[in-house]
Amino acid sequence: LRDGGPLGLAGVALLLMAAGAGARPRPATPGDQPRSNVVLVACDSLDGRLTFLPGNQTVDLPSINFMKRHGTVFLNAYTNSPICCPSRAAMWSGLFTHITESWNNFKGLDPDYVTWMDLMEKHGYHTQKFGKLDFTSGHHSVSNRVEAWTRDVNFLLRQEGRPMVKLTGHRKQFRVMERDWRNTDKAVNWIKEEAVNFTQPFILYLGLNLPHPYPSPYAGENFGSSTFLTSPYWLEKVNYEAIKIPKWSSLSEMHPVDYYSSYTKNCTGEFTKEEVRNIRAFYYAMCAETDAMLGEIISALRDTGLLGKTTVIFTADHGELAMEHRQFYKMSMYEGSSHVPLLVMGPGLREQQQIPNVVSLVDIYPTMLDIARIPVPQNLSGYSLIPLLREKAESEASPRGPRPSWVLSEFHGCNVNSSVYMLRTGKWKYITYSDGSSVLPQLFDLTADPDELTNLAIQFPVTVHSLDKMLRSIVNYPKVSSSVHEYNKQQFMSWKQSLGQNYSSVIANLRWHQDWLKDQKKYENAIDKWL
């Protein structure tokens, strides 16, 4: 920290040159250069489009800009499931969601699952984790899991508080999300007091909760997280003139799954342009605070002379819609929710590089093993990013051959009343639901329509057929949807039986209590009919 605020990175490039850390050694080969240290900073809910034009004009993100100057930004990086636990399960396992069966925030990996960090430790790396992990089963609220299990029930209930903003603190208050700052402090101290003395390489993981919205206790006893909260210090980093007010379809014109999502997220009411602009501004300010924590890690590496020996990776589990498509939160395949940041810098990697290839979070697992020179298992869903980062032939690094020209994302959790599958390839984004026929699919040309306002599925049936055929060659999605449907019923019935006579009281007072209590019998009957 300098002058009572986060260390700015504007001058770090000069300091790097002075420290000799700016030099990038040639690509390492076994027995040649020592293995790189690795630092992975993973935040929660950061829209990847903020890391490049034109999104980066809305808010000042100096640490991300520093990584772009000294490394690589991926322009088309995606989550494999746009919700916390399933996305992180994909990142830590290297496997698609339908393979891990991480269907919702309650169901992730088993606690003893062998992650890339476990393998790196086995192969001589010092390992350390601070902050949010959230990739194993059994976490999150009862409301969260019950909402996911009952998504097929024929009712509509608001499950969140209305999205709102809240200003806290004063112009000099930069530590707003104190828990994240404490974890950042722990990581910085670990670098300066322990990592600096290691003779073997290390892998450090820092998980941040920002810029995820804050809890909204005003919504009642069981509440979600619909409050965008920041201080004037961070709000001043936002360029209000550059904030884009998203276009909304009328409620009657919305895709049926979008309408369900908007309703359960409490977004179908009236919002003024000022409200929407403020929600987006406060969200961008929360992203600025996240960026400052990344900056503290980079500064600690620089101060200890470790930056030139360390591969730094920055990403997020998913994005944040921030009122695009009349929604906040994630749980959607639209760009604001599914597009994640991915920046990498380190020894032997190219600088000032922008990579347009589609990549996703399952690629983190093989990339980590590649950096550590550990043989990559052939059964992974992901592919190492190292060939793209070093511009070498894919076949040099992967016996599996070149990476595919597509990425897959899928969603099976709450706030969406269907399993959803997204295939992104070339200019196309194809989104299909459930069994592929009962719900209208969506097709967007992201080159011509980056805001995803025009569904071309009916206009281009041949393209839809081709993309659907490709998707079915990757995953038998109607079968997966059916499996999730059965899982939801079984889990709900087990939960209901475990409550005994308390069932009616407990289910009535979950996050949807404001609507449920208006007609308890109606909603209980709807569940009985579903079962």
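Pairs of C-alpha atoms in the chain farther apart than 38 Å represent 26 percent of all such pairs.
For the range 241-251, backbone phi angles converted through the Karplus equation (6.51, -1.76, 1.60; θ = phi - 60°) give residue-by-residue couplings of 5, 8, 6, 8, 8, x, 7, 10, 6, 5, 4 Hz, Gly and Pro being listed as x.
Computed about the Cα centre, the dipole magnitude for the chain is approximately 340 debye when only Lys and Arg (+1) and Asp and Glu (-1) carry charge, each at its Cβ. Over 19 Å apart at the Cα level, from the set Lys330/Lys427; Lys107/Lys129; Lys247/Lys273; Lys107/Lys186; Lys132/Lys192, are Lys330/Lys427; Lys107/Lys129; Lys107/Lys186; Lys132/Lys192.
Listed by chain and number, the aspartates and glutamates whose alpha-carbon sits under 19 Å from that of Lys429, ignoring those within fewer than 8 places in the same chain, are Asp47, Asp258, Glu320, Glu324, Glu335, Glu410, Asp445, Asp449, Asp451, Glu452, Asp468. Taken along its three principal axes, the alpha carbon spread of the range 168-295 comes to 63, 33, 32 Å, from the longest extent down to the shortest.
Other residues whose C-beta falls under 14 angstrom from the C-beta of Asp60 contribute a net charge of -2, scoring Lys and Arg +1 and Asp and Glu -1.
Mean residue ellipticity at 222 nm, helices only, the chain: -10000 deg cm²/dmol; runs of at least 4 DSSP H residues each add -39,500 (n - 2.57), and the sum is divided by the number of residues. Karplus-derived 3J(HN,Hα) values for the range 346-361, using 6.51 cos²θ - 1.76 cosθ + 1.60 with θ = phi - 60°, are x, x, x, 9, 5, 9, 6, 10, 10, 9, x, 4, 6, 9, 8, 5 Hz; glycine and proline are entered as x.
Partners of Lys518 within straight-line reach, counting aspartates and glutamates whose Cα lies under 20 Å from its Cα and excluding those fewer than 8 residues away in the same chain: Glu147, Glu160, Glu221, Asp528. Pairwise alpha-carbon distances in the range 27-134 exceed 21 Å for 52% of all pairs.
Bear in mind that the values in this text are calculations on the coordinates, not laboratory data. All values derive from a computational prediction rather than experimental measurement. Here the Cβ is made from the backbone with ideal geometry for all residues, glycine too, and neighbour counts use every protein chain on show.
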